[in-house]
Amino acid sequence: MKYALLLLLVFITIAGIAQQEHYEHPLVMYTLTINDSDLTSYHIEMQITNVPDTFRVAMVKHFEYDDRFWHFIKNFRVQGKNGNGQMIREDSALWKIITTGNEAVLHYSIQPPVTQAMHGSWRPFLASNGALVGGPQSFMYIVGYTKTPSQVTLHLPAGWTVATGLTVKDAHTLYASSVYTLTDEPILAGKLKTWAFTINGVQHTIAYYPLPNAKFFDTTALVSDIQKVAEEAKHLFGSLPYKDYTFQLIDGSYGGLEHKNSVTLGANSAELAEGFTDFLSEMAHEYFHTWNLVRIRPAEYGDVTYTETPPSKELWWSEGMTMFYADLLLRRAGLPVFEPGRIQHLEQLMSTYFSETGNTKISPEKVSMAANSDPGMLGDYNASTHLQGELLGAMLDLIIRDATGNKRSVDDVMRSMMQHSGQGKGFTNKDVEQRINETCRCNVHPFFQQYIYGSNAIDFNKYLQLAGLHSAVIWKDASGDDSRPLPDLRIYAWLTRQGKLVTGIEDPESTWGKAGLHTGDEIVTVNNTPVSTQRDFFSLLRKAKIGDTVSIAVKRPAGIYKTTVIVSAYKTAIVKIEELSTATKEQLVLRKQWLAGN
Ligand SMILES: [Zn+2]
């Protein structure tokens with residue numbers, strides 16, 4: 001109530017300024033309509049006043065993914081004060097609008113792609129009992145006026161309710177303080193099931209969109225588990241950074257996407273009926289982004305834009321520490337995780353780190369910069385910013401604990417990052433380095449030089465011994481659940497923006513790399529069969545067994561390159577961590593505290 005009044009005042013003030021100084025702030029009101037008589041598309045009306053007669057509108061490109069939502073716009077038209085206006089498309093996501101009378105009403109429809117059985121939870125959909133709308137997939141904005149607040153009026157089918165991180169003024173009216181907020185917080189609408197809990201008076205809403213044939217699962221337990229994770233996060237940071245929070249759970253979808261006051265999560269009822277481990281792991285990760293990534297934000301991520309967003313060098317921290325804390329918060333809350341103990345978890349991460357050799361050869365800064373781009377940025381290697389970052393965080397935690405006699409840990413760095421960089425200023429890797437140095441009163445610059453700016457493989461034993469631990473790597477034939485060796489299929493196919501199907505090589509030492517293939521080779525034939533889709537490629541390759549011969553022809557600027565590959569087995573790393581019998585008393589204390597997750 002207090003908040004709604006404040007918003008009213010903001011509107012009155014803006015209206016006042018607008019009258020005095022022409023064009024300083026256009027006023028924007030959106031209407032979003034879903035008609036249940038036609039569920040192929042939904043409609044947006046963008047009412048703009050106090051605007052020059054020529055201006056531009058655009059659609060935001062999301063920082064982390066580019067679904068090119070402008071593909072889904074239909075029936076775009078402009079109405080000026082004195083009749084129809086004009087719109088001229090200047091780029092894929094950019095339009096010039098010519099209107100009259102310093103106002104315009106833009107009308108357009110969004111026709112989201114027909115939902116597949118299992119789709120990305122962040123993707124827009126429209127169904128008979130619900131929809132995910134709003135966000136970057138729905139709202140155009142006026143270029144140059146990204147600080148403009150706006151109001152959204154909803155016309156929805158009868159019986160539908162709304163769950164969103166936007167400020168809810170009433171059942172049909174939402175408010176966004178800027179274009180960033182407007183396009184950051186999607187609107188889940190439909191015949192939703194909702195639950196709520198509060199932490200220190202802060203309301204948390206859980207809204208579930210069920211498919212018509214949803215399986216039964218224990219919703220009381222799920223709500224309680226989500227609350228436990230939120231309580232652990234609050235305990236870590238000391239407070240909650242939002243006024244209210246919404247968990248948007250979507251049946252029939254996978255993955256998740258973080259927002260400032262909400263999170264969109266795949267919540268497949270059939271999977272939830274089997275257990276919560278997968279869901280909780282994803283949920284804890286995306287929820288932790290509410291702090292780390294959304295508020296503690298890489299310096300390169302500025303205001304919204306319709307153009308390319310610059311790659312970030314800090315994603316190893318934003319993604320890796322979020323992986324680290326998703327695991328740790330679940331352990332602290334006593335909830336299920338994939339590996340029973342922290343040592344087993346570390347063994348698992350390190351095994352993947354060594355097996356996918358790109359992790360050991362390419363600097364986390366570079367891997368960060370490639371994380372949200374198309375495949376192929378890391379040449380003939382694969383590497384994960386999530387994995388590198390989580391392992392770096394684990395080693396830094398040991399360094400801090402050792403340097404401070406267990407009085408401090410990476411928890412203190414997280415709080416310090418929130419304090420210094422959590423208000424939207426943006427952080428760099430140098431900032432992280434400084435926050436750690438202040439926390440440990442030690443010097444982690446050499447660590448950063450070697451393992452973050454540089455491309456040295458992490459010397460794990462140097463840091464594990466601080467906890468009286470030691471690791472060993474054993475190389476074995478990669479094998480399946482039946483213990484039989486697996487064929488080396490470390491090759492994939494991907495479609496470039498230009499529509500070319502090209503190869504992706506995961507390791508130059510793979511059978512495919514050794515056969516002279518490189519990431520980015522245009523695929524012509526596999527076993528003399530022309531291949532033009534990812535599906536064709538995988539269906540031909542999937543059947544390959546050890547000893548089989550596969551011939552591939554690829555097109556390069558220099559001409560056609562043909563090669564024949566004999567599919568072999570391949571080695572994978574298995575890491576074992578052991579307790580050192582020579583551990584000192586201090587190292588044993590550190591180990592005990594670290595294992596307990598304190
Ligand atoms: Zn993430």
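What the table shows:
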{"quantity": "Some residue of the stretch 96-113 being open to solvent by 40 Å² or more (accessible area, probe 1.4 Å), aliphatic (A, V, I, L, M), free of Cβ contacts under 8 Å to residues at least 60 places away in the same chain and touching a strand residue (DSSP E or B) at 6+ places or on another chain (Cβ under 7 Å)", "calculated": "yes"}
{"quantity": "Given (1) modelled with pLDDT under 95; (2) in contact with a Phe, Trp or Tyr (Cβ under 9 Å, 6 or more places away or on another chain); (3) of a type outside the set (Asp, Glu); (4) not in a loop (DSSP other than H, G, I, E, B), index of the condition His25 fails", "calculated": "(4)"}
{"quantity": "Counted residues, the stretch 76-131 - those being in a loop (DSSP other than H, G, I, E, B) and more than 30 Å from Pro157 (Cβ to Cβ)", "calculated": "7"}
{"quantity": "Residue ID - least open to solvent (accessible area, probe 1.4 Å), chosen from residues in the stretch 575-587 that are in contact with an Asp or Glu (Cβ under 9 Å, 6 or more places away or on another chain) and closer than 12 Å to Leu469 by Cβ", "calculated": "Val575"}
{"quantity": "Given (1) open to solvent by 40 Å² or more (accessible area, probe 1.4 Å); (2) under 20 Å from Asp303 (Cα atoms), index of the condition Gln79 fails", "calculated": "(2)"}
{"quantity": "Check on Leu330, within 24 Å of Pro298 (Cα to Cα) and under 20 Å from the mean Cα position of the chain (by Cα)", "calculated": "no"}
{"quantity": "Pairs with Cβ under 8 Å, 6+ apart, first in the stretch 184-197 and at positive phi, second open to solvent by 60 Å² or more (accessible area, probe 1.4 Å)", "calculated": "Gly190/Thr161"}
{"quantity": "Residues of the stretch 127-137 that turn out to be over 13 Å from Asp251 (Cα atoms) and either open to solvent by 20 Å² or more (accessible area, probe 1.4 Å) or of a type in the set (D, E, K, R) (or both), as a count", "calculated": "1"}
{"quantity": "Pick from the stretch 288-314, criterion in contact with a Leu (Cβ under 9 Å, 6 or more places away or on another chain), in contact (Cβ under 8 Å) with a residue 60 or more places away in the chain and within 13 Å of the ligand (Cβ to nearest atom), ranking: nearest to Asp412 (Cα to Cα)", "calculated": "Trp291"}
{"quantity": "Test result for Ala472, of a type in the set (Gly, Ala, Ser), more than 30 Å from Asp66 (Cα to Cα), out of contact with any Gly (no Cβ under 9 Å at 6 or more places or on another chain) and surrounded by 15 or more Cβ atoms within 10 Å (Cβ to Cβ)", "calculated": "no"}
{"quantity": "Leu391, sole failed condition from (1) open to solvent by less than 10 Å² (accessible area, probe 1.4 Å); (2) among the aliphatic types (A, V, I, L, M); (3) over 24 Å from the mean Cα position of the chain (by Cα)", "calculated": "(3)"}
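The values are calculated or read from the model by the stated rules, or taken from the named source; none is laboratory data. Since this is a predicted model, take the numbers as computed values, not measurements. With ideal geometry, Cβ positions are generated from the backbone for all residues, glycine too; neighbour counts draw on all protein chains shown. For the accessible areas, the whole protein counts, side chains as well, though only heavy atoms, and no ligand, DNA or RNA atoms are used. Shrake-Rupley method; radii C 1.70, N 1.55, O 1.52, S 1.80 Å.
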